[in-house]
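**Student:** So that we are looking at the same thing, I have put the structure below in structure tokens.
The values are calculated or read from the model by the stated rules, or taken from the named source; none is laboratory data. Everything quoted here is computed from the prediction, not taken from an experiment. Cβ: placed from backbone, ideal geometry, glycine included. Neighbour counts: every protein chain shown.
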Amino acid sequence: MISGTCADMSQGPPSANSKPSGPQVGPYIFGKTLGTGSTGKVKLAKHVHTGELVAIKVIRKDFLARKPSLRKKLLREIAVMKLCDHPNVLKLYDVFEIETHLFLVIEYVDGCELFDYLVKRGSLSKDEALDFFQQIIQGLEYCHRRLICHRDMKPENLLLDRNLMLKICDFGMTNLNPPGTFLETSCGSPHYAAPEVVSGDMYNGLEADIWSLGVILYAMLTGRLPFDDDNIQRLLAKVQRGVYHLPNDMDPECKVIVRGMLNVDPAKRLTIEEIKQSAWFNSVPPKNPYEDTFVAPSEPILDPNAEVVRGLVDLGWGDTQTVIKELAMEGQSLEKVFYVQLAKHPMFTKDKTPDIAAKRKEAAADRKRAAWASMFSGQQESAQAQAAPEAGKNGGLLSPDAPLPEERISPEEAAARALEHLNVASSTGRVNAAAVRKSPSQLVRQTDVVKKANPDADSEPDKAPGGDEKSWFGNLGAIFNGPVA
């Protein structure tokens, strides 16, 4: 997750050697708040032993309980991020769950959004734009080979670290798009969404991503958007017609790529493979080429991991019995491809013993080792002394034998707390004046497109199978110490 604006990039990343303090979940101690979104806060955190910095997205479960569609969307996002292990895709390290909160442990990017980078610099040089474009293509190709369409590609969802390594993030609108199938939910951002998406037609999400990437490439090279208008209806009409201006000084070979990506006919739009074979793409070799060597298994999977199966269900491959049956079949199948990819995630390869007492003992041992290493500088003892009257509650540190956090509150109080701790913003599909930032490059932050017939379409995933509501998150017995607000 992002740490700030590009103006911060010259100041150096937060020190991983500073002494940790504050509330803790698992082996991570919370630091400052990095940002607040529609579903919760994002906190900087540090591993108590390794000093590794991560971003933790903190989500209140009472908020998810009131919005089933958002819960489905979150499950889909988590499952997709577990599938992805690529240097140009933001990584999900772990997920912790307690009674009141979910904690998503995500790769920390100590740089800025590509959006902020463009606002500060305007148009980019050909070489820099090509470098970023190659990185996006590599990350997007990795996703597309696994049938994952992003559906909200835009500079705001592309992060840059201090070495200008780019990472695709925010998979909240993502979905799977197997061959021969089409999606129907209009989602994404109006300036970047493909014509077939804003028209409300059935569409192929992989092809729609290519259009969005064409808009991003145009913005990087010119500092402007190809389709723009203050009136949302006129804007969508421009997108549907696909009429835009190419500057005379743009590289002719690059013009070929932009035209091919911004073709209103999805069937004639360039594919990633065609882009990679183009003269402009190969005018400078990619700095960090990635070779995807994944091979789909053909042997039956007869004793599948229940949590991985749950992940396949949340991704839309059918109910539990259907998935298990498909995995047990001879020969290659998409279900096996996704099963193997999910099963490789560290969350599924480590011990998941649900013995809470054992987890508490392990956590206590961790705290003792940390104390011996002087990581808390005496703060642990004083914090425990202060928290003793409140042992077992969210307000203080937990002792090894204290019960996990439990707090009974009324629905009204839960709603009030959710509003207090979360920025519960709902997109209407029109440009939100409070969220728009003007800039010399005429780039502005974009809100989401909403299907005309359904004002909640942007938060409702495409048709997904039913199934029980049992959580399949990892580390269900997470040890949590202290408040996170």
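**Student:** Give Ser189, Ser199 a once-over and let me know the one that is more than 19 Å from the chain's Cα centre (by Cα), modelled with pLDDT under 95 and among the polar types (S, T, N, Q).
**Tutor:** The conditions single out Ser199.
**Student:** If you don't mind, there's one more thing I want to ask. Would you mind telling me which numbered condition in (1) in contact with a strand residue (DSSP E or B) (Cβ under 7 Å, 6 or more places away or on another chain); (2) part of a helix (DSSP H, G or I) Leu34 fails?
**Tutor:** So Leu34 meets the others, but not (2).
**Student:** Is it the case, given these coordinates, that Lys238 is under 28 Å from Cys143 (Cα atoms) and either modelled with pLDDT under 95 or surrounded by fewer than 21 Cβ atoms within 10 Å (Cβ to Cβ) (or both)?
**Tutor:** So Lys238 does not fit the description; no.
**Student:** Take the stretch 152-179 and flag every residue that is of a type outside the set (A, V, I, L, M, F, W, C), closer than 27 Å to Phe338 by Cβ and at pLDDT 95 or above.
**Tutor:** Passing the criteria: Asp152, Lys154, Asn157, Lys167.
**Student:** Mind listing whichever residues of the stretch 270-297 are over 27 Å from Val337 (Cα atoms) and within 26 Å of the chain's Cα centre (by Cα)?
**Tutor:** Pro286, Lys287
**Student:** So, in the stretch 161-186, exactly how many residues are over 25 Å from Glu335 (Cβ atoms) and in contact with a Lys or Arg (Cβ under 8 Å, 6 or more places away or on another chain)?
**Tutor:** 2
**Student:** Something else: Please count how many residues of the stretch 248-269 are loosely packed, with under 12 Cβ neighbours inside 10 Å and within 30 Å of Lys336 (Cβ to Cβ).
**Tutor:** Going through the stretch 248-269 one residue at a time, the tally reaches 1.
**Student:** Restricting to the stretch 291-347, what's the tally of residues that are aromatic (Phe, Trp, Tyr), surrounded by 16 or more Cβ atoms within 10 Å (Cβ to Cβ) and at pLDDT below 85?
**Tutor:** The number of residues fulfilling the criteria is 2.
**Student:** Could you tell me whether Gly200 is surrounded by 16 or more Cβ atoms within 10 Å (Cβ to Cβ), among the small types (Gly, Ala, Ser) and assigned to a loop (DSSP other than H, G, I, E, B)?
**Tutor:** Answer is yes for this residue.
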